[in-house]
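The block underneath contains the structure these notes are about, expressed in C-alpha coordinates.
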Amino acid sequence: MWYWRVEAAMAESGEGVESESTAEGTPALLLLEGGDGDGDTEELVEVVDLESPGPDDLANEMEDVDLEEEEEVVWETEEEDEGVEEGMEAQDDSEVTFSKHTASVFCVSIDPKTNMLAVTGGEDDKAYVWLLSDGELLFECSGHKDSVTCAGFSHDSMLVATGDMSGLIKVWQVDTKEEIWSFEVGDLEWMEWHPQAHVLLAGTADGNSWMWKIPSGECKTFQGPNCPATCGHVLPDGKRAVVGYEDGTVRFWDLKQGNSLHVLKGQDGHQGPLTCVASNKDGSLVLTGSVDCHSKLVNSATGKVVFVFGAENIVPKPSTGEAEEAESNSVESLGFCSVMPLAAVGYLDGTLAIYDLATQTLRHKCQHESGIVQLLWEENSPVVYTCSLDGAVFLWDARSGKLISEYRGHSAEILDFALNKDASIVVTTSGDHQAKVFCVQRPDR
(Lines give C-alpha, C1' and ligand atoms only; values in the text may rest on other atoms or scores of the structure.)
Protein backbone atom coordinates (compact mmCIF):
# COMPACT_ATOMS: atom_id res chain seq x y z
CA MET A 1 0.00 0.00 0.00
CA TRP A 2 1.19 3.55 -0.75
CA TYR A 3 0.88 6.40 1.75
CA TRP A 4 1.21 10.10 0.84
CA ARG A 5 2.12 12.38 3.73
CA VAL A 6 3.01 16.07 3.92
CA GLU A 7 6.23 16.73 5.82
CA ALA A 8 4.42 18.88 8.40
CA ALA A 9 2.16 15.94 9.30
CA MET A 10 5.17 13.67 9.60
CA ALA A 11 6.84 16.06 12.00
CA GLU A 12 3.68 16.36 14.14
CA SER A 13 3.39 12.61 14.43
CA GLY A 14 6.63 12.49 16.41
CA GLU A 15 8.05 9.64 14.37
CA GLY A 16 11.49 11.24 14.12
CA VAL A 17 11.35 12.07 10.42
CA GLU A 18 13.63 14.94 9.43
CA SER A 19 12.20 17.88 7.46
CA GLU A 20 12.85 18.00 3.78
CA SER A 21 12.63 20.95 1.41
CA THR A 22 13.63 21.78 -2.11
CA ALA A 23 16.45 24.06 -2.93
CA GLU A 24 13.98 26.88 -3.52
CA GLY A 25 12.47 26.38 -0.04
CA THR A 26 9.12 25.13 -1.31
CA PRO A 27 7.25 22.41 0.63
CA ALA A 28 7.99 18.82 -0.24
CA LEU A 29 5.87 15.65 -0.18
CA LEU A 30 7.40 12.39 1.00
CA LEU A 31 6.36 9.25 -0.86
CA LEU A 32 6.81 6.22 1.38
CA GLU A 33 6.19 2.53 0.98
CA GLY A 34 4.35 1.16 4.02
CA GLY A 35 4.90 -2.16 5.73
CA ASP A 36 2.63 -5.10 5.46
CA GLY A 37 0.82 -4.34 8.74
CA ASP A 38 3.06 -6.67 10.79
CA GLY A 39 5.24 -3.96 12.19
CA ASP A 40 7.48 -3.36 9.13
CA THR A 41 8.97 0.11 8.95
CA GLU A 42 8.20 2.52 6.15
CA GLU A 43 10.85 3.14 3.50
CA LEU A 44 11.45 6.58 2.01
CA VAL A 45 11.05 6.18 -1.73
CA GLU A 46 10.91 9.67 -3.20
CA VAL A 47 10.72 13.36 -2.31
CA VAL A 48 8.22 15.15 -4.51
CA ASP A 49 8.26 18.90 -5.09
CA LEU A 50 4.82 20.37 -4.24
CA GLU A 51 5.33 23.44 -6.41
CA SER A 52 2.26 23.94 -8.64
CA PRO A 53 2.69 21.65 -11.68
CA GLY A 54 2.26 22.85 -15.23
CA PRO A 55 -0.21 21.46 -17.75
CA ASP A 56 2.35 19.07 -19.23
CA ASP A 57 3.19 17.66 -15.80
CA LEU A 58 -0.48 16.97 -15.05
CA ALA A 59 -0.98 15.27 -18.39
CA ASN A 60 2.00 13.01 -17.82
CA GLU A 61 0.83 12.06 -14.33
CA MET A 62 -2.70 11.28 -15.54
CA GLU A 63 -1.32 8.73 -18.01
CA ASP A 64 -0.25 6.59 -15.04
CA VAL A 65 -3.71 6.52 -13.44
CA ASP A 66 -5.82 3.48 -14.29
CA LEU A 67 -9.33 4.93 -13.98
CA GLU A 68 -11.00 1.85 -15.40
CA GLU A 69 -9.55 -0.36 -12.67
CA GLU A 70 -10.68 2.03 -9.93
CA GLU A 71 -14.25 2.08 -11.31
CA GLU A 72 -14.37 -1.71 -11.38
CA VAL A 73 -13.40 -1.94 -7.72
CA VAL A 74 -16.10 0.53 -6.66
CA TRP A 75 -18.88 -1.07 -8.70
CA GLU A 76 -17.96 -4.59 -7.62
CA THR A 77 -18.37 -3.59 -3.98
CA GLU A 78 -21.81 -2.05 -4.58
CA GLU A 79 -22.98 -5.06 -6.55
CA GLU A 80 -21.89 -7.38 -3.75
CA ASP A 81 -23.84 -5.34 -1.20
CA GLU A 82 -26.92 -5.33 -3.38
CA GLY A 83 -26.65 -9.05 -3.82
CA VAL A 84 -26.70 -9.63 -0.08
CA GLU A 85 -29.77 -7.45 0.35
CA GLU A 86 -31.57 -9.13 -2.51
CA GLY A 87 -30.77 -12.53 -1.05
CA MET A 88 -32.24 -11.57 2.29
CA GLU A 89 -35.41 -10.20 0.75
CA ALA A 90 -35.78 -13.25 -1.49
CA GLN A 91 -36.06 -15.74 1.39
CA ASP A 92 -39.60 -17.05 1.33
CA ASP A 93 -40.50 -20.17 3.29
CA SER A 94 -44.22 -19.89 2.50
CA GLU A 95 -46.22 -22.33 0.40
CA VAL A 96 -48.98 -19.94 -0.72
CA THR A 97 -49.17 -16.15 -1.07
CA PHE A 98 -52.49 -14.30 -1.22
CA SER A 99 -52.00 -10.96 -3.00
CA LYS A 100 -55.47 -9.51 -3.59
CA HIS A 101 -55.06 -6.76 -0.99
CA THR A 102 -53.60 -3.44 -2.13
CA ALA A 103 -52.57 -2.13 1.29
CA SER A 104 -51.55 -3.48 4.70
CA VAL A 105 -53.42 -6.61 5.77
CA PHE A 106 -54.51 -6.21 9.40
CA CYS A 107 -56.31 -9.40 10.40
CA VAL A 108 -56.72 -13.07 9.60
CA SER A 109 -58.77 -16.02 10.82
CA ILE A 110 -58.95 -19.69 9.81
CA ASP A 111 -62.29 -21.49 9.68
CA PRO A 112 -62.38 -23.83 12.71
CA LYS A 113 -64.50 -26.60 11.20
CA THR A 114 -62.62 -27.57 8.05
CA ASN A 115 -59.38 -25.56 8.41
CA MET A 116 -59.58 -25.01 4.64
CA LEU A 117 -60.56 -21.32 4.48
CA ALA A 118 -59.05 -18.04 5.60
CA VAL A 119 -60.58 -14.59 5.89
CA THR A 120 -58.37 -11.49 5.76
CA GLY A 121 -59.12 -7.80 6.16
CA GLY A 122 -57.00 -4.80 5.30
CA GLU A 123 -56.30 -1.12 5.05
CA ASP A 124 -57.75 -1.15 1.51
CA ASP A 125 -61.27 -1.42 3.07
CA LYS A 126 -61.49 -4.97 1.71
CA ALA A 127 -62.07 -8.40 3.23
CA TYR A 128 -61.67 -11.66 1.35
CA VAL A 129 -62.48 -15.32 2.00
CA TRP A 130 -60.01 -17.60 0.22
CA LEU A 131 -58.67 -21.16 0.06
CA LEU A 132 -55.58 -21.99 2.09
CA SER A 133 -54.54 -24.72 -0.36
CA ASP A 134 -53.80 -22.42 -3.30
CA GLY A 135 -54.88 -18.88 -2.39
CA GLU A 136 -57.89 -18.99 -4.71
CA LEU A 137 -60.49 -16.32 -3.92
CA LEU A 138 -63.81 -17.72 -2.74
CA PHE A 139 -65.61 -14.39 -2.36
CA GLU A 140 -65.13 -10.74 -1.42
CA CYS A 141 -66.85 -9.29 1.65
CA SER A 142 -67.71 -6.01 -0.05
CA GLY A 143 -69.24 -2.77 1.19
CA HIS A 144 -66.84 -1.65 3.91
CA LYS A 145 -65.98 2.04 4.07
CA ASP A 146 -62.89 1.95 6.29
CA SER A 147 -59.96 -0.34 7.11
CA VAL A 148 -61.15 -3.85 7.96
CA THR A 149 -59.51 -4.59 11.32
CA CYS A 150 -61.59 -7.55 12.57
CA ALA A 151 -62.60 -10.75 10.79
CA GLY A 152 -63.54 -14.21 11.98
CA PHE A 153 -65.55 -17.38 11.41
CA SER A 154 -68.33 -18.65 13.66
CA HIS A 155 -67.66 -21.82 15.69
CA ASP A 156 -69.19 -24.04 12.98
CA SER A 157 -67.62 -22.15 10.03
CA MET A 158 -71.06 -21.44 8.59
CA LEU A 159 -70.79 -17.67 9.03
CA VAL A 160 -67.99 -15.13 8.69
CA ALA A 161 -68.02 -11.65 10.22
CA THR A 162 -66.00 -8.62 9.12
CA GLY A 163 -65.74 -5.29 10.90
CA ASP A 164 -64.10 -2.00 9.93
CA MET A 165 -62.67 0.85 11.99
CA SER A 166 -65.72 3.04 11.44
CA GLY A 167 -67.90 0.45 13.19
CA LEU A 168 -69.62 -1.17 10.22
CA ILE A 169 -69.99 -4.91 10.92
CA LYS A 170 -71.18 -7.40 8.29
CA VAL A 171 -71.96 -11.12 8.49
CA TRP A 172 -71.87 -13.43 5.49
CA GLN A 173 -73.10 -16.97 4.95
CA VAL A 174 -70.11 -18.91 3.68
CA ASP A 175 -71.80 -21.50 1.50
CA THR A 176 -74.01 -19.00 -0.36
CA LYS A 177 -71.46 -16.15 -0.21
CA GLU A 178 -74.33 -13.81 0.66
CA GLU A 179 -74.45 -11.02 3.22
CA ILE A 180 -77.12 -11.89 5.81
CA TRP A 181 -76.73 -9.14 8.43
CA SER A 182 -75.07 -5.79 9.04
CA PHE A 183 -74.99 -3.25 11.84
CA GLU A 184 -73.19 0.01 12.49
CA VAL A 185 -71.78 0.96 15.89
CA GLY A 186 -69.16 3.45 17.03
CA ASP A 187 -65.46 3.07 16.23
CA LEU A 188 -64.70 -0.64 16.48
CA GLU A 189 -62.03 -1.85 18.93
CA TRP A 190 -62.51 -5.64 18.97
CA MET A 191 -64.88 -8.35 17.74
CA GLU A 192 -65.29 -12.04 18.62
CA TRP A 193 -67.71 -14.88 17.97
CA HIS A 194 -69.36 -16.79 20.82
CA PRO A 195 -67.64 -20.23 21.16
CA GLN A 196 -70.88 -22.24 20.86
CA ALA A 197 -73.55 -20.15 19.11
CA HIS A 198 -74.26 -17.74 16.27
CA VAL A 199 -73.76 -14.83 18.63
CA LEU A 200 -71.33 -12.00 17.89
CA LEU A 201 -69.70 -9.68 20.43
CA ALA A 202 -67.82 -6.43 19.89
CA GLY A 203 -66.35 -3.52 21.83
CA THR A 204 -66.37 0.11 20.74
CA ALA A 205 -64.59 3.37 21.47
CA ASP A 206 -67.55 4.76 23.45
CA GLY A 207 -66.99 2.11 26.14
CA ASN A 208 -69.86 -0.15 25.18
CA SER A 209 -69.70 -3.85 24.49
CA TRP A 210 -72.36 -5.28 22.19
CA MET A 211 -73.85 -8.74 21.71
CA TRP A 212 -76.08 -9.76 18.77
CA LYS A 213 -77.87 -12.94 17.83
CA ILE A 214 -77.24 -13.61 14.15
CA PRO A 215 -79.14 -13.24 11.87
CA SER A 216 -82.08 -11.94 13.92
CA GLY A 217 -80.05 -9.01 15.18
CA GLU A 218 -81.43 -9.23 18.72
CA CYS A 219 -79.09 -6.98 20.66
CA LYS A 220 -77.79 -6.47 24.18
CA THR A 221 -75.32 -3.80 25.34
CA PHE A 222 -72.94 -3.79 28.29
CA GLN A 223 -72.10 -0.25 29.30
CA GLY A 224 -68.57 0.28 30.55
CA PRO A 225 -66.76 3.42 31.69
CA ASN A 226 -66.72 6.46 29.43
CA CYS A 227 -63.63 5.28 27.54
CA PRO A 228 -62.86 2.72 24.81
CA ALA A 229 -63.41 -0.98 25.44
CA THR A 230 -60.00 -1.88 24.05
CA CYS A 231 -60.12 -5.70 24.20
CA GLY A 232 -62.50 -8.51 25.09
CA HIS A 233 -62.89 -12.27 25.24
CA VAL A 234 -65.82 -14.66 25.72
CA LEU A 235 -64.95 -17.23 28.38
CA PRO A 236 -65.15 -20.94 27.40
CA ASP A 237 -68.39 -21.51 29.32
CA GLY A 238 -70.11 -19.10 26.92
CA LYS A 239 -71.89 -17.41 29.83
CA ARG A 240 -69.37 -14.72 30.71
CA ALA A 241 -67.07 -12.27 28.95
CA VAL A 242 -64.07 -10.32 30.22
CA VAL A 243 -63.51 -6.82 28.81
CA GLY A 244 -60.55 -4.47 29.27
CA TYR A 245 -60.77 -0.70 29.02
CA GLU A 246 -58.56 2.24 28.22
CA ASP A 247 -58.70 3.54 31.81
CA GLY A 248 -57.03 0.33 33.08
CA THR A 249 -60.19 -1.28 34.48
CA VAL A 250 -61.32 -4.85 33.78
CA ARG A 251 -64.94 -6.03 33.92
CA PHE A 252 -66.43 -9.51 33.96
CA TRP A 253 -69.91 -9.56 32.42
CA ASP A 254 -72.79 -12.00 32.78
CA LEU A 255 -73.92 -12.34 29.16
CA LYS A 256 -77.41 -13.58 29.99
CA GLN A 257 -78.29 -11.12 32.74
CA GLY A 258 -76.30 -8.23 31.29
CA ASN A 259 -74.79 -7.23 34.63
CA SER A 260 -71.20 -6.79 35.78
CA LEU A 261 -69.94 -9.69 37.93
CA HIS A 262 -66.54 -8.25 38.94
CA VAL A 263 -64.73 -4.96 38.39
CA LEU A 264 -60.96 -4.66 38.72
CA LYS A 265 -59.83 -1.07 39.22
CA GLY A 266 -57.33 0.93 41.24
CA GLN A 267 -54.59 -1.37 42.54
CA ASP A 268 -56.36 -4.43 41.15
CA GLY A 269 -56.67 -2.85 37.72
CA HIS A 270 -53.92 -1.59 35.43
CA GLN A 271 -52.16 1.77 35.34
CA GLY A 272 -52.65 2.10 31.60
CA PRO A 273 -54.93 0.95 28.75
CA LEU A 274 -55.59 -2.78 28.40
CA THR A 275 -54.09 -4.34 25.28
CA CYS A 276 -55.11 -8.02 25.54
CA VAL A 277 -57.03 -10.59 27.60
CA ALA A 278 -57.04 -14.40 27.50
CA SER A 279 -58.38 -17.33 29.52
CA ASN A 280 -57.19 -20.83 30.22
CA LYS A 281 -58.97 -23.89 28.79
CA ASP A 282 -61.69 -24.14 31.44
CA GLY A 283 -62.04 -20.39 31.97
CA SER A 284 -61.08 -20.50 35.65
CA LEU A 285 -58.11 -18.18 35.14
CA VAL A 286 -57.78 -15.00 33.09
CA LEU A 287 -54.66 -13.08 32.06
CA THR A 288 -54.85 -9.35 31.35
CA GLY A 289 -52.14 -7.30 29.66
CA SER A 290 -51.56 -3.57 29.46
CA VAL A 291 -49.30 -0.82 28.22
CA ASP A 292 -48.15 -0.54 31.85
CA CYS A 293 -46.01 -3.67 31.09
CA HIS A 294 -47.87 -5.76 33.67
CA SER A 295 -49.95 -8.87 33.15
CA LYS A 296 -52.32 -9.96 35.89
CA LEU A 297 -53.50 -13.45 36.68
CA VAL A 298 -57.12 -13.30 37.83
CA ASN A 299 -59.48 -15.89 39.32
CA SER A 300 -62.55 -15.51 37.12
CA ALA A 301 -64.94 -16.92 39.75
CA THR A 302 -63.97 -14.43 42.47
CA GLY A 303 -62.51 -11.58 40.43
CA LYS A 304 -59.43 -11.60 42.68
CA VAL A 305 -55.93 -10.96 41.34
CA VAL A 306 -53.86 -14.08 41.99
CA PHE A 307 -50.49 -12.74 40.82
CA VAL A 308 -48.94 -9.85 38.91
CA PHE A 309 -46.23 -10.54 36.34
CA GLY A 310 -44.21 -7.37 35.75
CA ALA A 311 -41.67 -6.50 33.08
CA GLU A 312 -39.29 -5.37 35.83
CA ASN A 313 -38.92 -9.05 36.77
CA ILE A 314 -37.47 -9.94 33.37
CA VAL A 315 -36.02 -6.73 31.93
CA PRO A 316 -33.03 -5.02 33.61
CA LYS A 317 -33.61 -1.47 34.79
CA PRO A 318 -32.81 0.80 31.81
CA SER A 319 -30.02 3.33 31.82
CA THR A 320 -30.79 7.01 31.28
CA GLY A 321 -30.23 6.70 27.55
CA GLU A 322 -32.59 3.72 27.30
CA ALA A 323 -35.36 5.23 29.44
CA GLU A 324 -37.35 6.60 26.50
CA GLU A 325 -37.27 3.24 24.70
CA ALA A 326 -38.32 1.44 27.89
CA GLU A 327 -41.31 3.74 28.30
CA SER A 328 -42.65 2.59 24.94
CA ASN A 329 -42.64 -1.06 26.01
CA SER A 330 -45.95 -2.83 26.62
CA VAL A 331 -47.62 -6.23 26.83
CA GLU A 332 -48.82 -7.02 23.31
CA SER A 333 -50.13 -10.57 23.59
CA LEU A 334 -50.54 -13.39 26.10
CA GLY A 335 -51.99 -16.86 26.47
CA PHE A 336 -52.17 -20.12 28.42
CA CYS A 337 -50.67 -23.49 27.55
CA SER A 338 -53.40 -26.16 27.51
CA VAL A 339 -51.22 -29.14 28.47
CA MET A 340 -48.93 -27.69 31.15
CA PRO A 341 -49.38 -24.99 33.85
CA LEU A 342 -47.58 -22.38 31.78
CA ALA A 343 -48.44 -18.92 30.47
CA ALA A 344 -46.67 -16.79 27.88
CA VAL A 345 -46.47 -13.00 27.71
CA GLY A 346 -45.13 -11.15 24.66
CA TYR A 347 -43.71 -7.64 24.94
CA LEU A 348 -43.18 -4.86 22.42
CA ASP A 349 -39.44 -4.86 23.20
CA GLY A 350 -39.20 -8.41 21.79
CA THR A 351 -39.20 -10.33 25.07
CA LEU A 352 -41.19 -13.55 25.31
CA ALA A 353 -41.65 -14.50 28.97
CA ILE A 354 -42.72 -18.05 29.88
CA TYR A 355 -44.17 -18.25 33.39
CA ASP A 356 -44.74 -21.31 35.58
CA LEU A 357 -48.23 -20.85 37.02
CA ALA A 358 -47.74 -23.46 39.74
CA THR A 359 -44.84 -21.55 41.29
CA GLN A 360 -45.73 -18.15 39.77
CA THR A 361 -42.15 -17.68 38.65
CA LEU A 362 -40.39 -16.82 35.39
CA ARG A 363 -39.35 -20.04 33.69
CA HIS A 364 -37.77 -18.77 30.49
CA LYS A 365 -37.00 -15.50 28.75
CA CYS A 366 -36.80 -15.75 24.96
CA GLN A 367 -35.54 -12.68 23.12
CA HIS A 368 -36.58 -11.49 19.67
CA GLU A 369 -34.71 -8.86 17.67
CA SER A 370 -37.96 -6.98 17.03
CA GLY A 371 -41.19 -6.39 18.91
CA ILE A 372 -43.67 -9.24 19.36
CA VAL A 373 -47.03 -8.60 17.68
CA GLN A 374 -48.91 -11.71 18.78
CA LEU A 375 -48.42 -15.15 20.30
CA LEU A 376 -50.42 -18.38 20.05
CA TRP A 377 -50.07 -21.72 21.81
CA GLU A 378 -50.40 -25.05 20.05
CA GLU A 379 -53.56 -26.76 21.22
CA ASN A 380 -52.00 -30.03 22.36
CA SER A 381 -48.34 -29.32 23.11
CA PRO A 382 -46.17 -26.88 25.06
CA VAL A 383 -45.08 -25.01 21.93
CA VAL A 384 -45.73 -21.30 21.56
CA TYR A 385 -45.71 -19.41 18.25
CA THR A 386 -44.79 -15.73 17.98
CA CYS A 387 -44.85 -13.25 15.12
CA SER A 388 -42.80 -10.09 15.13
CA LEU A 389 -42.22 -6.71 13.58
CA ASP A 390 -39.26 -8.04 11.56
CA GLY A 391 -41.63 -10.19 9.48
CA ALA A 392 -40.83 -13.61 10.95
CA VAL A 393 -42.72 -16.40 12.72
CA PHE A 394 -40.94 -18.26 15.54
CA LEU A 395 -41.68 -21.59 17.26
CA TRP A 396 -40.50 -21.97 20.87
CA ASP A 397 -40.37 -24.99 23.15
CA ALA A 398 -41.79 -23.64 26.40
CA ARG A 399 -40.24 -26.46 28.42
CA SER A 400 -36.67 -25.57 27.48
CA GLY A 401 -37.08 -22.01 26.20
CA LYS A 402 -35.27 -23.06 23.01
CA LEU A 403 -36.12 -21.86 19.52
CA ILE A 404 -37.45 -24.76 17.44
CA SER A 405 -37.65 -23.04 14.07
CA GLU A 406 -38.46 -19.80 12.29
CA TYR A 407 -40.23 -18.94 9.06
CA ARG A 408 -39.73 -15.89 6.86
CA GLY A 409 -41.23 -14.55 3.65
CA HIS A 410 -42.64 -11.09 4.31
CA SER A 411 -40.81 -7.89 3.41
CA ALA A 412 -42.57 -5.89 6.15
CA GLU A 413 -43.87 -6.41 9.67
CA ILE A 414 -46.36 -9.19 10.43
CA LEU A 415 -49.59 -7.66 11.77
CA ASP A 416 -51.59 -10.77 12.62
CA PHE A 417 -51.41 -14.55 12.32
CA ALA A 418 -53.54 -17.64 12.84
CA LEU A 419 -52.84 -21.30 13.52
CA ASN A 420 -54.92 -24.24 12.32
CA LYS A 421 -56.21 -26.93 14.70
CA ASP A 422 -53.34 -29.42 14.35
CA ALA A 423 -50.70 -26.65 14.16
CA SER A 424 -49.55 -27.75 10.72
CA ILE A 425 -50.36 -24.42 9.04
CA VAL A 426 -49.65 -20.82 9.99
CA VAL A 427 -51.28 -17.96 8.08
CA THR A 428 -49.76 -14.49 8.40
CA THR A 429 -50.74 -10.99 7.31
CA SER A 430 -48.35 -8.12 6.79
CA GLY A 431 -47.70 -4.52 5.97
CA ASP A 432 -46.35 -5.74 2.61
CA HIS A 433 -50.00 -6.11 1.41
CA GLN A 434 -49.81 -9.91 1.45
CA ALA A 435 -51.04 -12.90 3.41
CA LYS A 436 -48.92 -16.04 3.43
CA VAL A 437 -49.46 -19.69 4.28
CA PHE A 438 -46.58 -21.56 5.93
CA CYS A 439 -46.51 -25.34 6.36
CA VAL A 440 -44.94 -26.12 9.72
CA GLN A 441 -42.46 -28.98 9.69
CA ARG A 442 -41.80 -30.44 13.13
CA PRO A 443 -39.33 -33.34 13.55
CA ASP A 444 -41.07 -34.48 16.74
CA ARG A 445 -44.41 -35.08 14.97
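The values are calculated or read from the model by the stated rules, or taken from the named source; none is laboratory data. This is a predicted model, so every value here is computed, not measured. All Cβ positions, even for glycine, are placed from backbone atoms using ideal geometry, and neighbour counts span all protein chains on display. Each accessible area value is taken on the protein alone, full model and side chains, heavy atoms only, with ligands, DNA and RNA left out. Shrake-Rupley method; radii C 1.70, N 1.55, O 1.52, S 1.80 Å.
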So how far apart, in nm, are the two label points at E179 and F139 if each is 7 Å from Cα heading toward Cβ?
1.2 nm
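Before I look further, what does segment 129-237 give for accessible area per residue, probe 1.4 Å, in whole square angstrom?
39 Å²
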Quick one: net charge around S166, please, counting Lys, Arg +1 and Asp, Glu -1 for every other residue with C-beta under 10 Å from its C-beta.
-4
Would you mind computing, in nm to one decimal, how far apart the modelled labels at C439 and D93 are, each placed 7 Å from Cα along Cα→Cβ?
1.5 nm
If each K or R counts +1 and each D or E counts -1, the residues other than S109 whose Cβ falls under 11 Å of its Cβ total -3
Pairs of alpha-carbon atoms within less than 8 angstrom and 6+ residues apart define the contacts here; what relative contact order does segment 130-274 have, in percent?
13 percent
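Under the Kirkwood approximation for Rh and a Cα-based Rg, what ratio Rg/Rh is obtained for segment 358-445?
Values: Rg = 13.0 Å, Rh = 13.4 Å.
Over the Cα atoms of segment 358-445, Rg/Rh equals 0.97.
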If you add up the charges near R251, with Lys and Arg at +1 and Asp and Glu at -1, over every other residue whose beta carbon is less than 13 angstrom from its beta carbon, what do you get?
-2
Taking R0 as 35 Å, what's the FRET efficiency between E218 and D282 from their Cβ-Cβ distance, rounded to 0.05?
0.80
